[in-house]
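J.: Pasting a structure here, questions to come.
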Amino acid sequence: MRDVVRKALDTARARGAAYADARVVTRREQDVVTKNGKVESVSSSQSRGIGVRVLVDGAWGFASTSVLDDREVMRIAEKAVEIARASALVRSDPPVELAPVDPVEDRWGSPMKEDPFSVKLEEKINLLLEADRLMRQDPRIRVAQGSVSVFREDKVFASTEGTYVEQSKTETGAGISALAAEAGEVQRRSYPSSFGGDYAARGYEYVREMDLVGHAEQVAHEALALLEAPQCPSGTTTVILGSGQLALQVHESCGHPSELDRVFGTEASYAGTSFITPDKLGKLQYGSAAVNIVADATIPGGLGSFGYDDEGVPAQRVPLVRNGLYVNYLTSRETAARLSRHLARGTAGGGGGAGGGSVGGGAGGTAASNAAGPDAGGGGGMAAGGKGVRSNGTMRADGWNRLPIIRMTNINLEPGDWSFEELVRDTKEGIYMETNKSWSIDDKRLNFQFGTEIAWEIKDGSLGRMLKNPTYTGITPEFWRSCDAVCDRKHWHLWGLPNCGKGEPPQLAHVGHGTAPARFRNVRVGVGKW
């Protein structure tokens, strides 16, 4: 593949590109789905192709192909240059500038003990059918479903700046669910999470550790119990969110609004922009002092982990929220350079001082390096000397035929120091909610409403009766400011989400969210009037 990408880059440069990069991506996927004692579907796919991105006269051009012979590769490199040159003629924004990145040659691979593609299809099917059988012991379980999904991506990236990187990533996921129905009432329970279960950048050992069969009867039991459970009350109360639900809360109300292309309005039509505008950087009290959120692409096993993004920027651990203060964005090389210009003009800044480890910061609008402090872990920030913001490595594309855009990595709520038992005992009255059922959030990522599959009442420091159809609503910064406790590392889990949608045409990203249960005060719950 080195010769293939070199041919693309040489052609683009010869045709006048100031910058070019090329990605050769090979993907392989397998999905198995069972339903009510039968195999509903088995699918397998593989694709390979190359995408070439170029910068000419301050404008981008991109072209791709699934044919990797020299003639075709040269053709699409020329096509990318033609598109960029045409785009420059109608460009209304300032010319694209790229924040610097150090060239590198490297290889990276995700951890794996057991290759999921080597596990026989019959074994995967039998696992799901046995869990299915155990869930359908009661006729009120009308639908039992299960799935196993495996994915591998091999990628070669090279740029005209001298970077050449090879990466291989394997992902595995699985889940089961039971739907109970009786007398017009329908309830569902899922394990280990809803909407297909849980995923990790690991081998088939991850599916074995889930023990789907061992949890099948409990899943069905809870679905049946929900049929008889009382309705979640309406009002304002204390809420403890379980780790799985909190992962989606982080995804929607912190991950997406942190994407700097949304902030600048260049990503808007698919799912909106962001309320965290540059003037709030280093100033916005996004949450309470208990809230620390990081973007970490370095965690082994995370769906949002990698060695290098699709601009050749190394994976990093970067704070987004530190002790409740919003300090950083998810950036690309282009948006990092644009943010530098904002900071230089003083339109963003204030807040954390020179050692604060944030992008915005310091008196007079000078910015501190976000590599300062233990949480940054190499994330590029705006240096005190004004060298400019560097990308923190979040550009990724959904395959070889898509342009890279800013995507979440592993956006994690850092653990606190509470055990779950201590947190419940410390709560006089409230509701514990778990497993997402529905979500809705506005196009600024401010106003939201979430529903979960199940909840339990908390009375005098103890979990009480089960509640059905629980919902809660809030406004993002008010909600996170009401967080007064987060459980410890023992209760922290890195969830995998393989279907985060963004972009036009739509792209799906594989992202992760590490969370532990957390408590929020004065939350509106239920669907009644307040």
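The values are calculated or read from the model by the stated rules, or taken from the named source; none is laboratory data. No experiment lies behind these values; they were computed from the predicted model shown. Virtual Cβ from ideal backbone geometry, glycine too; neighbours counted across all protein chains shown.
J.: Determine whether the range 19-35 contains at least one residue that is surrounded by 14 or more Cβ atoms within 10 Å (Cβ to Cβ), out of contact with any Lys or Arg (no Cβ under 8 Å at 6 or more places or on another chain) and farther than 30 Å from Ser177 by Cα.
T.: Yes, the conditions are met somewhere in the range 19-35.
J.: Checking the conditions here, which among Val101, Val119 is touching a strand residue (DSSP E or B) at 6+ places or on another chain (Cβ under 9 Å) and farther than 26 Å from Ile50 by Cα?
T.: Exactly one residue qualifies, and that residue is Val119.
J.: May I pose another question? Residue check: is Ser190 buried (at least 24 other Cβ atoms within 10 Å of the Cβ) and of a type outside the set (Phe, Trp, Tyr)?
T.: Considered against the rule, which asks whether it is buried (at least 24 other Cβ atoms within 10 Å of the Cβ) and of a type outside the set (Phe, Trp, Tyr), Ser190 comes out as yes.
J.: Now, a different point. Arg107: surrounded by fewer than 19 Cβ atoms within 10 Å (Cβ to Cβ) and either closer than 25 Å to Ser305 by Cβ or modelled with pLDDT under 95 (or both), yes or no?
T.: yes
J.: When you scan the range 83-104, do you find a residue that is out of contact with any helix residue (DSSP H, G or I) (no Cβ under 6 Å at 6 or more places or on another chain) and more than 30 Å from His342 (Cβ to Cβ), even just one?
T.: no
J.: So how many residues does the range 399-432 have that are more than 9 Å from Val486 (Cα to Cα), assigned to a loop (DSSP other than H, G, I, E, B) and in contact with a helix residue (DSSP H, G or I) (Cβ under 6 Å, 6 or more places away or on another chain)?
T.: Residues in the range 399-432 being more than 9 Å from Val486 (Cα to Cα), assigned to a loop (DSSP other than H, G, I, E, B) and in contact with a helix residue (DSSP H, G or I) (Cβ under 6 Å, 6 or more places away or on another chain): 1 in total.
J.: Filter the range 438-483 down to residues that are of a type in the set (A, V, I, L, M) and within 28 Å of Ser419 (Cβ to Cβ) and give me whichever is surrounded by the most Cβ atoms within 10 Å (Cβ to Cβ).
T.: Ala455
J.: Please determine whether any residue of the range 38-45 is in contact with a Gly (Cβ under 9 Å, 6 or more places away or on another chain) and either at pLDDT 95 or above or in a strand (DSSP E or B) (or both).
T.: Within the range 38-45, none of the residues are in contact with a Gly (Cβ under 9 Å, 6 or more places away or on another chain) and either at pLDDT 95 or above or in a strand (DSSP E or B) (or both).
J.: Just the residues that are over 19 Å from the mean Cα position of the chain (by Cα) and closer than 30 Å to Pro300 by Cα, please, taken from the range 402-431.
T.: Once the filter is applied, which keeps residues that are over 19 Å from the mean Cα position of the chain (by Cα) and closer than 30 Å to Pro300 by Cα, the range 402-431 yields Gly416, Asp417, Trp418, Ser419, Phe420, Glu421, Glu422, Leu423.
J.: Within the range 179-268, considering only strands (runs of 3 or more DSSP E) that don't extend past its boundaries, which have at least 1 residues that are farther than 30 Å from Lys428 by Cβ and in contact (Cβ under 8 Å) with a residue 12 or more places away in the chain?
T.: Where strands (runs of 3 or more DSSP E) fall fully within the range 179-268 and carry at least 1 residues being farther than 30 Å from Lys428 by Cβ and in contact (Cβ under 8 Å) with a residue 12 or more places away in the chain, they are 185-191, 198-200.
J.: Also: Before we move on, is Val56 touching a residue at least 60 places away in the same chain (Cβ under 8 Å), of a type in the set (A, V, I, L, M, F, W, C) and closer than 16 Å to Ala14 by Cα?
T.: So Val56 does not fit the description; no.
J.: A further question follows. Could you grab me the full set of residues in the range 84-94 that are in a helix (DSSP H, G or I), farther than 14 Å from Thr11 by Cβ and not hydroxyl-bearing (Ser, Thr, Tyr)?
T.: Arg85, Ala86, Ala88, Leu89
J.: Output yes when any residue across the range 178-187 is of a type in the set (A, V, I, L, M) and touching a His at 6+ places or on another chain (Cβ under 7 Å), and no when none is.
T.: The answer is no, given that none of the residues of the range 178-187 is of a type in the set (A, V, I, L, M) and touching a His at 6+ places or on another chain (Cβ under 7 Å).
J.: What about Lys79, is it under 23 Å from Glu161 (Cα atoms), in the same structural domain as Arg6 (by TED's automatic domain parsing) and part of a helix (DSSP H, G or I)?
T.: yes
J.: Go through the range 117-147 residue by residue and tally those that are over 15 Å from Val207 (Cα atoms) and among the small types (Gly, Ala, Ser).
T.: Residues meeting the conditions: 1.
J.: Further question on the same structure: Run down Ala295, Ala271 and say which single residue is among the small types (Gly, Ala, Ser), in a loop (DSSP other than H, G, I, E, B) and in the same structural domain as Gly512 (by TED's automatic domain parsing).
T.: Only one candidate qualifies: Ala271.
J.: I need the strands (runs of 3 or more DSSP E) fully contained in the range 444-530, keeping only those with at least 3 residues that are under 21 Å from Gly430 (Cβ atoms).
T.: 447-459, 462-467, 471-475, 483-486, 518-525
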